[in-house]
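The structure appears right after this line, and notes come after that.
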Amino acid sequence: MLPLAVLEEVQAEFVDYRGHGMSIVEMSHRSASYGSVHRGAVDLVRELFHVPEGFDVVFIQGGATMQFGMLAMNLLTDGLKGAYVDTGAWASKALDDGSHHGDVYAAWSGRDLGYARVPDSGELTIRENTRYLHITSNETIGGVQFTNWPDVPVPLVADMSSDLMSRPIPWDRFDVVYGGVQKNLAPAGVALVVIRRSILEHTRHDLAAYFRYDVHATSDSMHNTPPVFPIYVMEKVLRWIRDQGGLPAMKEAAEIRSGLIYQIIDESGGFYVSPVESASRSKMNVVFRIADHALEPHFVAEAAANGMPGLKGHRSVGGCRASVYNAMPQAGVEALCEFMADFQHNAG
Ligand code: PMP
């Protein structure tokens, strides 16, 4: 979900953007109005995410999925290898797409553990000539999340699609951080990519322009027409995040929200079950089962009838999932917790 205040602001100014007699989505992307929105979004990402001076903030169409390929295309030069931590569905996709553009391998896989946790640094196998270790900071489908960042002798690259700007990160360990914006920041249509500037000299330059990180960075994400609408909404969401207290506030709110739901699960006497080990549990996507799986369709349907749609787990894993992104108010989670307790009571 996106903050209601942002949706209302978009609605109010959508047809006639600030007295210009046209919508922001009708203006040239070279117009002064759009230019200030675009720069404003970049500046707010820098400010709120504490992006250091030596990194570029770029917006690239194609979502996080395109980054799976672009990353390997750009970084795996000169026979260098890409290491991937296989924490679940999204990490596997990143690895698979990377394999079409370079020499990649799994530094660890949680597959045999049912993807119930993320690894400790000591469990990772990093081969020689490894360019980066790719992690999926939060597995949206499986509900596992890194809390401690891997401590390895190679730079980290992170797909943060589903926990983007929900907490500060230690930039000194990262070369690239990317994510589709459609969970925490904006409607779909763009990926936010933050790249260490010094690596752009070594990324591949013999690619079609749109696939080159250096082209996006040196053109301020204006090599071609940028996706104006999601960037415009993102700028407003970023201002909303700032007004809430920035990333420390997002982090605290996420801990409280997810903590309330995990508490209901853990105190349900086995009625609700979390498939994820507690230290790896996601603060954005709370994945759970009802021990009696036959009750799950009723749970999902009754929740929807009570104004809480979307609790069905991803079709690939089944079960239930409460996605509690940045804009979810605590009251929404409290309503869910109350519903979960009532549902258990009525089932018993
Ligand atoms: N990575 C993760 C962790 C995701 O959750 C998603 C989308 N749900 C993707 C990648 C793919 O993102 P996109 O749809 O923007 O390509």
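The values are calculated or read from the model by the stated rules, or taken from the named source; none is laboratory data. Source: prediction; values computed, not measured. We place every Cβ from the backbone using ideal geometry, glycine too, and count neighbours over all the protein chains shown. These accessible areas exclude ligands, DNA and RNA; they are computed on the full protein's heavy atoms, side chains included. Shrake-Rupley method; radii C 1.70, N 1.55, O 1.52, S 1.80 Å.
Details
- Here Thr203 passes the criteria (1) within 16 Å of the ligand (Cβ to nearest atom); (2) crowded, with 17+ Cβ neighbours inside 10 Å except the one numbered (1).
- Region 108-149, subset of a type in the set (A, V, I, L, M, F, W, C) and in a loop (DSSP other than H, G, I, E, B), residue nearest to the ligand (Cβ to nearest atom): Ile141
- Pairs with Cβ under 8 Å, 6+ apart, first in region 159-186 and closer than 22 Å to Val287 by Cβ and more than 9 Å from the ligand (Cβ to nearest atom), second open to solvent by 20 Å² or more (accessible area, probe 1.4 Å) and not in a strand (DSSP E or B): Leu164/Lys183; Ser166/Lys251; Ser166/Lys283; Ser166/Tyr325; Arg167/Lys251; Asn184/Tyr325
- Annotation note: Cβ proximity below 8 Å between a residue of region 276-300 that is open to solvent by less than 10 Å² (accessible area, probe 1.4 Å) and a residue that is assigned to a helix (DSSP H, G or I) and aromatic (Phe, Trp, Tyr) (sequence gap 6+ or interchain) occurs for Val286/Tyr262; Ile290/Phe299; Phe299/Phe343.
- Remark: pairs (first residue in region 79-95, more than 20 Å from Val287 (Cα to Cα) and within 9 Å of the ligand (Cβ to nearest atom); second residue hydroxyl-bearing (Ser, Thr, Tyr) and open to solvent by less than 10 Å² (accessible area, probe 1.4 Å); Cβ separation under 8 Å; 6+ apart in sequence or on different chains) = Ala94/Tyr84; Ala94/Thr136.
- Enumeration of residues in region 1-27 that are closer than 19 Å to Ala331 by Cα, open to solvent by 100 Å² or more (accessible area, probe 1.4 Å) and either in a loop (DSSP other than H, G, I, E, B) or charged (D, E, K, R) (or both): Met1
- Condition check for Pro230: surrounded by 14 or more Cβ atoms within 10 Å (Cβ to Cβ), in a loop (DSSP other than H, G, I, E, B) and in the same structural domain as Phe146 (by TED's automatic domain parsing): no
- Test: residue in region 323-331 that is under 20 Å from the mean Cα position of the chain (by Cα) and among the β-branched types (Val, Ile, Thr): yes
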